[in-house]
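The values are calculated or read from the model by the stated rules, or taken from the named source; none is laboratory data. Here the structure is a predicted model, which means the values were calculated and not measured. Cβ placement follows ideal geometry from the backbone for every residue including glycine, while neighbour counts extend to all protein chains displayed. For accessibility, only protein heavy atoms count, side chains too; no ligands or nucleic acids. Shrake-Rupley method; radii C 1.70, N 1.55, O 1.52, S 1.80 Å.
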Amino acid sequence: MKLLILNGPNLNLLGQREPEQYGTGTYRDLVDMIAAHAKARGVEVDFLQSNHEGALVDAIQEAYGVYDGIVLNPAAYTHTSVALLDALKAVRIPTVEVHISDVSKREAFRQVSYVREACMATIVGHGFRGYLEAVDLLIGEAEAKA
Ligand code: CA2
């Protein structure tokens, strides 16, 4: 099983500012944590972080036929991007939306997610652990289908 871990704009800055929202771990720490969990669970993972909406759309399109699942934190594009929603709908790859912070308790604009309707689940406010939970959900989904 192969999963794509896709992170949107500014998540490369993790650990450098706003620790009260996003913790003190860096993007590298996040990648290492997910890679270790995936190894323990016996799944392959690839990572992409981009600050560019089109690059994220390209990655979702190119995931078709390659990945069995996507863990997606679209960051600010969560709240604006019909393009990401359309790409997810087109490829129909099981996707879990993850947010490090609890977006349901933040500004009203962060409570809107365009991508959510194309995702099998959404995990918010569990910090980096939310990505590991998303990996586990996708493994569970694949096992249920097999
Ligand atoms: O909670 C999340 O994971 C978010 O997707 C993070 C996005 C935000 O726009 C969403 O509303 C919720 C922002 C990521 C920016 O990350 C930074 C990390 C450190 C310093 C500055 C920004």
*Which net charge results when you count Lys and Arg as +1 and Asp and Glu as -1 among the other residues whose beta-carbon is under 10 Å from that of Lys2?*
-3
*Between Ala146 and Gln21, what FRET efficiency comes out of the Förster formula 1/(1 + (r/R0)^6) with R0 = 41 Å and r the beta carbon distance, rounded to 0.05?*
0.60
*Go through region 83-88 residue by residue and turn each phi into a ³J(HN,Hα) via Karplus (6.51, -1.76, 1.60, θ = phi - 60°); whole Hz please, and just put x for glycine and proline.*
4, 5, 4, 4, 5, 5
*Heavy atoms of Phe128: accessible area, 1.4 Å probe, square angstrom to 10*: 30
*Normalised by the residues of the chain, what does the relative contact order come to in percent, with Cα pairs under 8 Å and at least six apart?*
26
*Along its principal axes, what span do the Cα atoms of region 18-74 show, with the longest given first and each in whole Å?*
37, 31, 14
*Relative to the present Cα-Cα distance, how much length would full extension add between Arg28 and Ala121 at 0.36 nm per residue of separation?*
31.0 nm
_Rg followed by Dmax, in Å, when the chain is reduced to its Cα trace_ = 14.0, 43
*Mind jotting down the distance between the C-alpha centroids of region 82-134 and region 17-64, whole Å?*
13
*Would you mind getting me the FRET efficiency between Asp46 and Leu13? Use the beta-carbon distance for r and R0 = 22 Å, nearest 0.05.*
0.55
*Rounded to the nearest 500 deg cm²/dmol, what is the calculated helix-only ellipticity per residue at 222 nm for the chain, with -39500 (n - 2.57) per DSSP H run of length n ≥ 4?*
-11500 deg cm²/dmol
*asked:* What is the percent carbon and sulfur in the accessible area of region 19-146, measuring with a 1.4 Å probe over the protein chains and ignoring ligands?
replied: 52
_Over the Cα atoms of region 29-111, what radius of gyration and what Dmax do you get, in Å?_
13.6, 39
*Determine how large the accessible area of Met33 is when every protein chain is in place; take a 1.4 Å probe and give Å² rounded to the nearest 10.*
80
*Could you pull out every one of the aspartates and glutamates with an alpha carbon less than 14 Å from that of Lys145, ignoring same-chain neighbours closer than 8 positions?*
Asp68
_Residue-by-residue Karplus 3J(HN,Hα) for region 45-50, coefficients 6.51, -1.76, 1.60, Hz, glycine and proline x_ = 9, 10, 10, 9, 10, 9
*Rg/Rg_globular for region 73-114, with Rg_globular taken as 2.2 N^0.38 Å and Rg from C-alpha atoms*: 1.19
*First check a/c for region 81-146, with a ≥ b ≥ c the square roots of the eigenvalues of its C-alpha gyration tensor; if it is under 1.5, answer rounded, and if not, answer prolate when a/b is larger than b/c or oblate otherwise.*
oblate
_Accessible area per residue, Å², the chain with all protein chains present, probe 1.4 Å_ = 50
*asked:* With unit charges on the beta carbons (Lys and Arg positive, Asp and Glu negative) and the dipole taken about the Cα centre of region 26-146, which residue among Ala75, Ile139, Gly125 sits farthest to the positive side?
replied: Gly125
*Whole-Hz ³J(HN,Hα) from phi, Karplus 6.51 cos²θ - 1.76 cosθ + 1.60, for region 89-95, glycine and proline x*: 5, 5, 7, 6, 8, x, 10
*Determine the order of His52, His99 by accessible area, beginning with the largest, at a probe radius of 1.4 Å.*
His52, His99
*For the chain, with only Lys/Arg (+1) and Asp/Glu (-1) charged at the beta-carbon, what is the dipole magnitude about the Cα centre, in debye rounded to 20?*
140
_Other-chain or far-sequence residues with amide H under 5 Å of Gln49's (modelled H)_ = Asn7
